[in-house]
Structure formats: C-alpha cells, structure tokens
1. Assigned to a helix (DSSP H, G or I), of a type outside the set (S, T, N, Q), closer than 25 Å to residue B:81 by Cβ and under 18 Å from the mean Cα position of the chain (by Cα) - does that describe any residue in the range B:171-183?
2. Applying the selection to the range C:225-251, what residues are assigned to a helix (DSSP H, G or I) and either at the interface with chain A (Cβ under 10 Å from one of its Cβ atoms) or in contact with a helix residue (DSSP H, G or I) (Cβ under 6 Å, 6 or more places away or on another chain) (or both)?
3. Take the residues in the range B:190-218 that are in contact with a Pro (Cβ under 7 Å, 6 or more places away or on another chain) and among the acidic types (Asp, Glu); name whichever of them is farthest from residue D:309 (Cα to Cα).
4. Which residue pairs have Cβ atoms closer than 8 Å, lie 6 or more positions apart in sequence or on different chains, and pair a first residue in the range B:251-273 that is closer than 20 Å to residue D:233 by Cβ with a second residue that is of a type in the set (Phe, Trp, Tyr)?
5. Is it fair to say residue C:275 is within 22 Å of residue C:153 (Cα to Cα) and surrounded by 24 or more Cβ atoms within 10 Å (Cβ to Cβ)?
6. Filter the range B:240-252 for residues that are more than 23 Å from residue B:20 (Cβ to Cβ) and within 18 Å of the chain's Cα centre (by Cα) and give the result.
7. Determine which member of the set C:138, C:122 is part of a loop (DSSP other than H, G, I, E, B), more than 14 Å from chain A (Cβ to nearest Cβ) and modelled with pLDDT of 95 or more.
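The values are calculated or read from the model by the stated rules, or taken from the named source; none is laboratory data. Since we're looking at a predicted model, the values are computed, not measured. Neighbour counts are summed over all protein chains in view; Cβ atoms, including those assigned to glycine, are modelled from backbone coordinates with ideal geometry.
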4 protein chains.
Amino acid sequence: MIPKRVTVAILGASGYGGGELARLLSGHPGTEIAFLGARGSIGGTLATAHPHLAGLPEAGLVLEPIDAEAVAEHARVVFSALPHGAAAELAPGMLQRGAAVIDLSGDFRLPAAAYPEWYGFEHPAPEWLDKAAYGVPELFGDQIAGAALVANPGCYATAAILGLAPLIGSGMVESSAIRVDGKTGLSGAGKGATESTTFNASEDSIRPYRVPRHQHTPEIERGLELATGTPASVLFVPHLVPAVRGVVTTTYAKLDAGITTEDLTGRLQEAYAGRPFVRVLPPGAMVDSKRVRGSNVVELQAVADPRTGTAVVVAAVDNLVKGAAGQAIQNMNLVHGFDESAALPTAGLYP
Amino acid sequence: MIPKRVTVAILGASGYGGGELARLLSGHPGTEIAFLGARGSIGGTLATAHPHLAGLPEAGLVLEPIDAEAVAEHARVVFSALPHGAAAELAPGMLQRGAAVIDLSGDFRLPAAAYPEWYGFEHPAPEWLDKAAYGVPELFGDQIAGAALVANPGCYATAAILGLAPLIGSGMVESSAIRVDGKTGLSGAGKGATESTTFNASEDSIRPYRVPRHQHTPEIERGLELATGTPASVLFVPHLVPAVRGVVTTTYAKLDAGITTEDLTGRLQEAYAGRPFVRVLPPGAMVDSKRVRGSNVVELQAVADPRTGTAVVVAAVDNLVKGAAGQAIQNMNLVHGFDESAALPTAGLYP
Amino acid sequence: MIPKRVTVAILGASGYGGGELARLLSGHPGTEIAFLGARGSIGGTLATAHPHLAGLPEAGLVLEPIDAEAVAEHARVVFSALPHGAAAELAPGMLQRGAAVIDLSGDFRLPAAAYPEWYGFEHPAPEWLDKAAYGVPELFGDQIAGAALVANPGCYATAAILGLAPLIGSGMVESSAIRVDGKTGLSGAGKGATESTTFNASEDSIRPYRVPRHQHTPEIERGLELATGTPASVLFVPHLVPAVRGVVTTTYAKLDAGITTEDLTGRLQEAYAGRPFVRVLPPGAMVDSKRVRGSNVVELQAVADPRTGTAVVVAAVDNLVKGAAGQAIQNMNLVHGFDESAALPTAGLYP
Amino acid sequence: MIPKRVTVAILGASGYGGGELARLLSGHPGTEIAFLGARGSIGGTLATAHPHLAGLPEAGLVLEPIDAEAVAEHARVVFSALPHGAAAELAPGMLQRGAAVIDLSGDFRLPAAAYPEWYGFEHPAPEWLDKAAYGVPELFGDQIAGAALVANPGCYATAAILGLAPLIGSGMVESSAIRVDGKTGLSGAGKGATESTTFNASEDSIRPYRVPRHQHTPEIERGLELATGTPASVLFVPHLVPAVRGVVTTTYAKLDAGITTEDLTGRLQEAYAGRPFVRVLPPGAMVDSKRVRGSNVVELQAVADPRTGTAVVVAAVDNLVKGAAGQAIQNMNLVHGFDESAALPTAGLYP
C-alpha cells in the first residue's frame, strides 16, 4: 500500500543542511521523514545531532549509515546533503530503484568535463548529468516538474542567476564580461571547525577566499546559458563576512545603451510576477540579507549606472534556505505536484 | 454574524514585539488579524514597518491610530505591545467593550502600590490589577483560561520564575535570598536607536544596566509568591551582551541540605512533564540561548553546589518569543480554547 | 617662545575619528595636543566624550567651540575630523594664520566642479583645492612633505588606490573599466545612531548602500589619475557588513595579455618596497581585514584570472586608522619631518 | 657582558597569550625578546604564527622547541603561556638556572592539595608553590617585586579579586557567601577550534559552562584570603557570550548594615588611588568591557542594595591583557624595577 504521505530520506542529516531540511520538512503537510542517513554520529538521534530540534515529533529518529538500497526502500524522495563527490556515487543506485533524488551538492550541476578542473574528481556517473534538472524553480520549473534527479543549485549561483538571467535574456545586459562579487556568512562553511571559522578569527574579519577558482563560477556560467541560450563569461570572487546566514551577490555586467534602472527593475518584476519567493525592490531601495534570513525569499535590486555603462544587480538569499534546504523542498514540491510553497516560509526571522 | 476566526488586534504593530506577533499569528489556524494599531508610522502597512514580512498575506494591512472603541469593535482579542503606561490607560475601555486583552507591557503585572516606585507612575486603573491573570501558562494555566485580561510576563521574569518556582514550591531551595543575574541580547531594547545600542558600541561589549533597580525585580518576587505561596526576596542584575535575541537568567538560591543536582533536575522534569515548551536538560548539559532562538521553548538547567550550599538554575528563552510575543499567543490559545501550541514553533533557527 | 613639541588641534574631537586621533597622538613623541574642538559636547572633556581614553594624560582636556582664529592661535597643525562641508569653510582662516591643516573630510579631495554633484554643495574656497596635497603618503610623499593643506583620503579610496595605482602605472592593468566592490564595518558610519546602525539591524545583515553614487567614486578616479597620469573610469559599490572596523576593496580591472599573478604581486612588492605600512601578500595568501585592525597597515593581494582577462586586487585597511586618523598622522609626520611611523602601530589587535 | 636590555622568553608563543606578549613586549623600552618557545609550529616565525604581527621588528624570530636549559640560557625572564600542567614541569629547571618565571597558567596559583581536585593532576613541584608570588600588582606589589616566580592570575580571578578585596578588607561586605557570575568572550578559549567555538555556534549564543567546577573558584577564594586575611567562600559560574575580548565578573556579597553605594565606591577609590590601571566608576555609572579592550585597565563599579542587604561589584578586564599578557608584563615590570606601566596601554581600542 502506498503511504498517504510521500516518504523522504535526508542524507547528511547531521550537518546544517540536514538540520534545515528536517526542520522545514517537519512542517510539510504531504511528506513523512522516513530515513535519516549520516556518515558520522550513527546511532544518535536527530535531537542529539541538532539539539534545537528536540521539540519536533521527529526528534527521536535515529541516524543510520547510508546504503543506496536501504535508502531507496524507505523513501520515494531522497535529499542528499552530503559533501561533494558522495551523491555522484550514491544517486544512481537510488534512482534505479525508483527514488527521486534532490542533490544539494555540486555533483550534478556541471557537464562531466568540468569536474576534474573545478571539483577535483572524475565524475563517476556522467550518464546522469544530462538527466538532472537544474533546480532553480523560477527558471526551470517545467524541467524540474518531470525530473527524477534535481541538481539543487549552490547558494551563490542561485542568487547570481536569479538576478541576471532575465536581464541577459532580454538583451538589456551583456553576458560576456560578468563579475560576481559574493559575500557570505559562515554557515556555508558547515559545522566543521577550523581555526579560521572560530568566532575569534571571524569577528571583525572581512576576507576573500578561493580567488579566483570557486566552483560556483562554472555553475553560474552554465545556469545563465541554460536560462538564456547565450554563453556567459563570469569571474566570481567570494568573501567571508562576520555573519552566520546570508549570501549577497553583487553582479556587474555591461549595460545596453539607454537602459535605465527603471527598465532593469521592470524587467525583473515582470519575469518574476506572481512568484512567491522573489522580491524585486523598487528603484532606490537596497537589498538586506537579514530581511530574508530564515525564509525562502530572494531579494533583488537592479541599478543602471549610465556613467560607466554598467548594470549592478544585487541579490540576497539565506544560504541555508533559498540557497540550499528551502530550494530543495521547493524543487520536491514541483516534482511531486505539491503546492510550490508548502513548508516554506516567506517571512524571515528579524531582528 | 460572528466570524469563523477569532479577530485579533495588535497594538504597537510597528515595533519588534508587534512584528513577531504578526509573523506568528499569520500562521495561526484560528485567528484573523483584524486591526493593526500604532503610535508612529500611521498609514503605512505591515510591510513598510516590517519589510521582512512583505511576503505574508497580511502585508498590506494598514497601521491605524489607536482608539479603544475602534479596536474593540474590530477585534475580540487585543495584543498590546505598547510601551509601559499605555495599556493601563487603554485596556479598561477595550475590556468594557468585551475584548480580551493580552498586555505585553508591565502595566498589569504588579500590585498598584509598586507602580510609583518601579515604573514611575501612579496606576490609573488599579481595579483591574486583581483581575489580571499573570500569564505564565505552565504555572497559571487555570487562571489564564478564564481571564479577560492577561499580564504577559517580562522576558527575564519568565525565565527566572519557570526555573525557580517548582524548586521553591517543593522546599528544595529557599526563597529568601535569591540573586538573579540576567544576560540579554539587544532586541529587548527595541527598535529605538541610541548611541549605546549601535553596532559600534555593542560589539565586544559586556555591560550591566539599571543596577539594582530593574523593574522585573518585583515581578519575579511576585510571580514566585503567586506560584509557591511563599514570599520571595530577589536581587536582579541584568547585563547587555552582543547578541540580538536571547535572555539567560542565572539564579542563585540557598539549597536545602542533602539536595543533589539529580533531585533538582528530577523536580523540574516532573513539574513540566508533558509541557510542550519546557526543555529540562539532564545533569551535566548546559543551557544555550541559541538553541531556543525563534522558538517558544524555555531551556532549564539546575545544578546543586553542596560546597557552598547553593542551587544554580539557568534558564534561556528567546526574549521576543517565549519572552514576549510567543507567550502572548500561548496565553491567547488558553483564553480561547485553542491548542496551546497553535502557531508556536518548538524548533529554533540554528545556526 | 616656540614650544619644543608641535602643537596640534583636533576638530571634531567627540567623534570616532577625533577619538582615534587623540589616542594615537597621545603617544607621539613630537606633538602636544593643544586644542580640542567640537560642535556638540562643548565643555565636556576628552574623557567624557571618550571614556575609553580616561587613562590618558590628555583625558582632562576640555572640548571647545570651534573658531578658526582661536584654533590657529593654539596649534601649528590642525586635524579636522568634521563632517563634509565644515573644513571647506574653516580651513582658509586657519591656513592664512599659518597653521597646517590636515582635513579628514572630503572637502579638499576633488576639483571644484565635482562638489555640487557628489557632495551636494558649491565649494566655498575653490582657490585652495589646487594647493591641497592628496594624502596617500606612499604615492604622493613629496607633495605632502611641502604642503600646508593635506586632503586626507577616504578609507575606500585609500585601499583601492594603493592596490591599483602601481598596476595601472606599469601598464599591467587598464584604467578604463574598473569596478570597485567595497565592504565596510559600521564604524565608518560614525557615532550617530539610526535604526539601521543598531546592533539589532546590523547583526547578520549584508547590504549595499548608496549604489551607484558614493562620493568616493570620483575620488578614486582622481587619485588614480594623479598617481598614474592616466584617466580612470570607476564604478564603486559599497556594502555594510556586521563588523566595526575594517574596509576591504575588491577591485576588478582588465588584465594585459600574459600578465600573471606573480607579475602583479611582484609589481606591488617593488612599488612598496621598504614602506612600513604596506604588506603585499604572496600569491595564494588572502587578505583579512582583522589582521590590520588597530594598525596603520594596508594589506594587498593581487590575482590574475587569465580565463576572463581580469586582475583582481584586494586591499584591507582599518578605516579609522590607515583609512582616517592614522594616515592623517602619517601625513603630519611627513609635513613636519618626523619619522613617518611615529605614533603609528604596525601590529593589529588580534583576535 | 650583560645586555643592556633584559632578555625575555615567551613560551607558548603561537597562542593568543603568546601573541599578546610579543605585541606588547615589542614596545617595551627595557626588554629584548630573546627566545620564542612553542609546542607546535616549530620552525615557523612569529609572523607565520601571528600574521598581524608581521610588521614588528621581531617578526622573523623563529619558534623553537622548549627545553628548560636552553630557555634559561637565552633569557633572564621567562613568560610561560603554556597550557595548565606544563609550567609546573618546566619552571623549576629554569628557576634553578637563575631565570625569573612569570607563569600565565594555573600551575602556581593554588596550594598543592587543590591540584588533583581542580586541575586533575598531582603537582610535580609543590616546593615552589609557597615561593610563588600571586601576581595582582595592585594588591601584592611588595611580594611580586622580590619574587623569582610569579603566578599570574586568571582573568576572572583578577576581576573578581580586585573588585572585592578592599571591600572585604574594610569589613563593608562579608566573605562568607560570595557568588561570582562571570561573562567572557571567546578568546579565553584560545586558538583551538571546536564546533562550539565556531562563529556559527557562538553568534547569538549565551551559555554557561563548567558549572559549578571552574578552576578559578578556589583561586578567587585564595586570592581574597591572601589579600584580606579572612577565608572566603565563593561560588563561581562562568558564561560564554558572543564577544572576542572581555571578561566581566558580577559579584554578590552580603552588605554590612548601613553601608551605601557611596561608601563602597569611596573605599575602592581610596584603595586604588594613584594606581594607573584601576578605574573606579562613580555611583550610577556602569562598567563596559569594551572600554578596556586592548588596554591593561580594570573598570570597577560597586552598588549597595539595601533592599536585599547585598553588595554588587562589577569588574571588567580585557582577558588577554589585564587578564593575562598585560598583567604578566606589569608583574615583570615590578620584578625588574621598570616603570610599572612600561609597554602597557591605558587606552582601549574603541569602537
């Protein structure tokens, strides 16, 4: 007998992404958390891995070792929040057994040829790369709705692509010399502790990292091309700032002559009209990552600078929600025909 | 015709407390926000006062000037999140017109005689003070269920009373020389900006304030006496630390001979068994305000120090949720016979 | 009789810039603080305006109203840390009376024609603009040494210009389409409190501001032209992040064909060889604003991205030291022939 | 030939305490850093261990393995900033070779009998415990001046003892039931990274730790007894708050009848009259740890609460300066007859 609720598995349940998936899915009317998989902390519960979730009905679920067969037996949808490289190995076995897979890592976001250069490994299941839908629901909803495998986008890529795609698509800005300057809080670095992620090292610290080789670079290029049909050239430089949640991308692109801030804003508003999770700010208003904290919302702001012939598009997301777990659930909602907004807050936690 | 949903008003809708009330009530299955009252920002909307709430269905509600008659006409329950002194003036008019009032200020928490000393005003409606239920649902649920007027407790008082009342009530600790050392984030100071609440002045700043005359002092004394029948003597010293949300009270009281940490912990667990929003930590575990952030949960930890004959009880709440808006909704749920947990998260936003 | 020590005045002594000037000058072997001028807080002392300076010998100096004649009578060097617009009015009177003026505002940094557009006022003393040395000691030391009036640069401009000038000057990068993405802590906003600078609004908040019209834009363009002889075109977008001190500029410019990271780094090292306050990081190392906090050091990092033909230069300063008070003292040291490093720390306060 | 400057060694040079010692000693007119000892990072330099110190003349000094004989050969004064247990093993060998030892760990602060209980080891050199001066210069200056071995106090103990000793000594407050509630930033936890010291876990987190068994408990008791001749009973509960530097102790003690805030304040002012690093606040003013950040100052505030018969004394220090490296240098200044304030700032870094 088919359960009334869709059974889901969360792999990587002990990390931040896994915790957010559990927190949000606990409130989903159509799903049931049927399996928690982890690499460490086996035998502990959701509550021991995430004490802040001790009050949830699912708090007592036990973290199990990950085995593709066991996972597929328990769950019709698998959210994989494992480190890069793991889902590429595990997903095929689960897909073949009929489970849908929504992968929060980078394992299904790029063409096979890009993996050695940007992720440092040869992709073990290249035949699945073409079948993976790229999971930005606002741009690729149709592909996602019919997909068994969804590559859930990176946080920076989500922000940058949502901001630029409609403007490139309309010809208002050029795709040939895009610079993306990213700023993120520390939660993107995960639970793992290193000297550089301590509070001591991070307070009052503003610092770039992985310049110029961050793996979201080709993802933004590919996402823009998928959305617009035009190849894009992107330089991406990310920075760590003393926040926990929040990603802001400030993108610079060549502006077509005569295009104004109002034109850019209008185009974005039109492109995302009726979409529940995109907030396009009126001219003059400025993005603030804090306003979207804890929500699945992206805030967008576009400015034309005729002086230098440049479009500046700023986007903010909560990297753990719209930039990871929330968008993954949004993708599942599309895959399974749920209300796209199910379990996903539009209101942030402020202040 | 009576609406299917209970109509509610939020007074002080432009402040942090008002914003949290709106955010949480938006998800309540049995209520409808029917009136937003404010002192400034009149004519603006919920979304202009709280841009992070722009995605809620109620985002377009307009902030109205406050008039007792108009409020009572629109709403069967009034949440008043106005500054001290305002509800004492407004509540009687709304109560007489049949509205229930849940007041988040200090205006109905003390006996009349205490107001000049601790709040600096003569109480204008002392006849209502005895009729007000003191709104700690875990201790005074019966009175609250039948009350038209609920004095929603202060954040520090909520934490300190929940931690101490069962231990004093059982005779394990004495009520005669209690010290409460409080630590709070900045959100308790509200939206108002002063040099001392800027980021510049607050980062890396640990500082006491209002020593030794904070107005929660007599409230803790009275709450403990209401709960235990024994007069209590409390010295309370609050401190600001560089956080936004979170209140922790560390309370010191004389320990009865022979009482152990296990005894204290067991008593708290027994007192709050089955209560959805109280988490009593096992011996050795330490409270963390971050784990309750965004939730209506209080975390409690009790330690016996036989060396000095002292009980240490530590409690943490999110001052804007269990310490204000969340507890107010919990009280309304009792007043109106809703599920006590309706609209109130048990899971915090972490990290 | 001429005093053995050079007498100095600090105007705007009650603000953050004034406080840093007093703190650093208190340790200067060749100067004596002879006058503290302020607009508010008149009659208070340095210690009441800056309680953290209560232990300095100068703590009891009284804040006086500002009058050009009185100031020039007391001091041979005037540091003006007043808001934009004030020094333009005051400086001529002090200069005519023989005092040297080091102005920390924007009042003498641009050509007269730029003031209405970028600062919103018609410059009242345009005849002094040409006589003002632009105070980046590492680039314009000779002019500064002989100047009576020094326009102390903006914090963002200091960082961006120091990073780019040698690379443009050598032809390694182009000056025609520069983008400067700035990130700053809150101390640049000064002591003044607004809702947006509270701790509550700033924690976990990443947000752009004044896009694309920040007044450092023309200053960077002009500074680069002064240093290289080539006109520059700059788009500058600043962001607030949850830090107190620290400015990081990430600059993007077109890279000449074949130029490598090693080339860029080598050029910077050569340009600043022997300069006490410039730290050029080796290839692969990343700038961190926290490492320069409290010091007069600028950290520089240059990266070539041949993929997109772009040079990325990242620079970090403490906006109140190398970005304001420290650089002002460095300029005074040059003007008066003191050791360039006198009173200026090279070691930051870490962590 | 005896060098003109006193040669000093820093053991534990790669940690935060070692970094602060190097930073401050670099500016000392009478000392020369002659040896840097470490346990890890051997072969690196001061600059690789502490990149923020790369501009100091000592930046190139190499970290050496620690050997008592080698250390004593190079240095007349040894600052040991090693973890608890290490100096107890090393110090005797260095002392026997004629070096003075200033130990920043807990190894020489307690009687031998206390080590198993509070530090978990049997003291290996109990014969040295009586010879160690307890290094609070404001209270035990005479003993320190003649000592070869100084036990530099803990940060919490420094704050609590300086606040209470004069009041107990004068009979204004009792020593029999003291509660010390401590709050600290994360830098006291050192450079080591654990999940609980990450930025992610620490932002917005207020949490007690080691209740009620923190090892500063017996140190405060002993320090008070040494200073006043009266045994003291102390319960100490420390808390972590989201700051880097700063320790605040809020101490509660029984107040003698009739004693006022003015009496307490007056007594403290008298006790510390003329001392360069003690700032006693006037009645009504509140301590702020940020004001002493980066300085060697302790801020003190005393309040009488006649309602409950309690004295509240609040003290703040920078745990890495007056609570560690700064006080260690102050002790060395006394041992070697330097100006007590040499190399020690009274002005904090604010904001």
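1. no
2. C:227, C:228
3. B:203
4. B:252/D:252
5. Spelling it out, it is not the case that residue C:275 is within 22 Å of residue C:153 (Cα to Cα) and surrounded by 24 or more Cβ atoms within 10 Å (Cβ to Cβ).
6. B:250, B:251
7. Exactly one of C:138, C:122 is part of a loop (DSSP other than H, G, I, E, B), more than 14 Å from chain A (Cβ to nearest Cβ) and modelled with pLDDT of 95 or more, namely C:122.
This table checks each residue for (1) in contact (Cβ under 8 Å) with a residue 12 or more places away in the chain; (2) over 30 Å from residue C:214 (Cβ atoms); (3) away from chain D (no Cβ under 14 Å).
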residue: C:42; (1), (2), (3): yes, yes, yes
residue: C:47; (1), (2), (3): yes, yes, no
residue: C:55; (1), (2), (3): no, yes, no
residue: C:65; (1), (2), (3): yes, yes, yes
residue: C:91; (1), (2), (3): yes, no, yes
residue: C:98; (1), (2), (3): yes, yes, yes
residue: C:103; (1), (2), (3): yes, no, yes
residue: C:106; (1), (2), (3): yes, no, yes
residue: C:111; (1), (2), (3): yes, no, yes
